[in-house]
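Asker: The structure follows.
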Ligand code: G3H
Ligand code: 13P
Ligand code: ZN
């Protein structure tokens, strides 16, 4: 059993309490490799922001749980070396079973998500409660989910989203004992969050998505005052990255994300964790494609991964400062 407390990490408890009070959201950035992690830590230290490092099942398969844990430990030492100690959480994103959550808790994660949203309500309650009972013995915090997001979550693909029903949230939180709740109010995973027919187009032909269901968020907030709410699928899909990717040989069609102003509004409410993965993928891909296009003779990975890391850092700093409001809160 490896405790996150020995790795220089924290759980989400204090972080979320401060974020709810302060009207901002903690960034939850996914990572799978060293350059992403360096960019996250550099950006969060530079902006003095707390951060949640997220590891999906796909990331575990790709990078190995032991390596990822030690990378998170190294990240906490790296942050100090950069000159400012920020609170860092190592979080399992979309845990799909009790066993997966237990393995992560036993391997130094300070927070886990158990995503029972694809099960029946009663099965979701039973599974989430089981994870909470195990996790809380070790001071590990747990995120549950009610409502289904459209898109791909690891192996689970949902065609349509089902909004969270506000009538269920009090019962779910009190029966399970979760520390935070992910809800579905119109966000979804990936770079194609809405079908073109769900959107309108502006003069430049850019897709404008339908607004998030802030009315549902408000109802949930009224039922659970001060309780930490989580938004998944919150990439904004910056069109400049999509444009660069397509101009440099890529082929992304009808990509559309959640407008930053709406995330800013959400962050000021009970939403205190905002999950962003796809935007990082787009930033890196755009930078790598551009360099390989502009310098066809380049074959040193540091020469394209380094600038990709710089672009990522810039993007994360912008999110912390202008979207989530987490800058200067560490
Ligand atoms: O929720 C999904 C995250 O973006 C993780 O994606 O399973 O491809 O690592 P992944
Ligand atoms: P995006 O695909 O919008 O970045 O969402 C990531 C996410 O929710 C990870 O859990
Ligand atoms: Zn997610």
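Asker: So how compact is the range 54-98: Cα radius of gyration and Dmax in angstrom?
Answerer: Over the range 54-98's Cα set, Rg and Dmax evaluate to 12.2, 38 Å.
Asker: Report, in whole Å, the centroid distance computed from the Cα atoms of the range 190-243 and the range 78-156.
Answerer: Taking the Cα centre of each part, the range 190-243 and the range 78-156 sit 23 Å apart.
Asker: Another one. Ranked by Cβ crowding within 10 angstrom, fewest neighbours first, how are 1, 15 ordered?
Answerer: 1, 15
Asker: Based on the Cβ-Cβ distance from residue 18 to residue 106, what FRET efficiency comes out when R0 is 35 Å, to the nearest 0.05?
Answerer: Step by step, r from the Cβ atoms, then E = 0.80.
Asker: How many percent of all Cα-Cα pairs in the range 1-90 sit more than 18 Å apart?
Answerer: 42
Asker: Report, largest value first, the span of the C-alpha coordinates of the range 223-330 along each principal axis, in whole Å.
Answerer: Taking max minus min along each principal axis of the Cα atoms, the range 223-330 gives 58, 33, 16 Å.
Asker: Okay, next question. Based on the alpha-carbon set only, what is the convex hull volume of the range 245-307 divided per residue, in Å³?
Answerer: 106
Asker: Does a label point 7 Å from the Cα of residue 80, set along Cα-to-beta-carbon, have any residues of the range 1-27 with amide nitrogen under 18 Å, and which are they?
Answerer: Under cut-off, by backbone N: 3-11.
Asker: Here is a further query. Debye calculation, C-alpha points only, no solvent: report log10 I(q)/I(0) for the chain at q = 0.09, 0.11 Å⁻¹, in the same order as the q values.
Answerer: So the normalised log intensities are -0.44, -0.66.
Asker: Based on the Cβ-Cβ distance from residue 1 to residue 199, what FRET efficiency comes out when R0 is 35 Å, to the nearest 0.05?
Answerer: 0.10
Asker: Contour minus end-to-end for residue 303 and residue 261, with contour as 0.36 nm per residue of separation and end-to-end as the Cα-Cα distance?
Answerer: Difference between extended and current length: 11.7 nm.
Asker: Let me know the shape class of the range 210-274, please: from the alpha-carbon gyration tensor, a ≥ b ≥ c as square roots of the eigenvalues, rounded when a/c is under 1.5, otherwise prolate if a/b is greater than b/c, or oblate.
Answerer: In terms of gyration-tensor shape, prolate.
Asker: Between residue 33 and residue 254, what length comes free when the chain is fully extended (0.36 nm per residue of separation minus the Cα-Cα distance, one decimal in nm)?
Answerer: Extra length available between residue 33 and residue 254 comes to 76.8 nm.
Asker: If you don't mind, another one. So for the chain: antiparallel DSSP bridges make up what percent, rounded to the nearest 5?
Answerer: 15
Asker: Okay, moving on. Counting other beta carbons within 10 Å of each residue's own, what order do 299, 98 fall into, fewest first?
Answerer: Ordered from fewest to most neighbouring Cβ atoms within 10 Å, 299, 98 come out as 299, 98.
Asker: Another one. So what's the back-of-envelope 222 nm ellipticity for the chain, counting only DSSP H runs of four-plus at -39500 (n - 2.57) apiece and dividing by all residues, rounded to 500?
Answerer: -14000 deg cm²/dmol
Asker: Now a separate question. Translational D (Stokes-Einstein, µm²/s) of the range 73-148 at 37 °C and 0.692 mPa s when Rh comes from the Kirkwood sum over C-alpha pairs?
Answerer: Stokes-Einstein gives a translational diffusion coefficient of 248 µm²/s.
Asker: Could you work out, for the range 78-200, what percent of all Cα-Cα pairs fall into each 5 Å distance bin, beginning at 0 Å and stopping at the bin that holds the largest distance?
Answerer: That works out to 2, 11, 20, 19, 17, 13, 9, 6, 3, 1, in percent per bin.
Asker: I've got another one for you. Within the P(r) computed for the range 148-251, what percentage of the Cα pairs occupies the region above 23 Å?
Answerer: 40
Asker: Can you figure out the FRET efficiency of residue 314 with residue 219, using R₀ = 30 Å and their beta-carbon distance, to the nearest 0.05?
Answerer: Calculated value: 0.25.
Here, each number is a calculation from the coordinates, and none is a lab measurement. Just so it is clear, the structure is predicted and the values come from calculations on it, not from any experiment. Cβ coordinates were reconstructed from backbone atoms using ideal geometry, including for glycine residues, and neighbour counts include every protein chain displayed.
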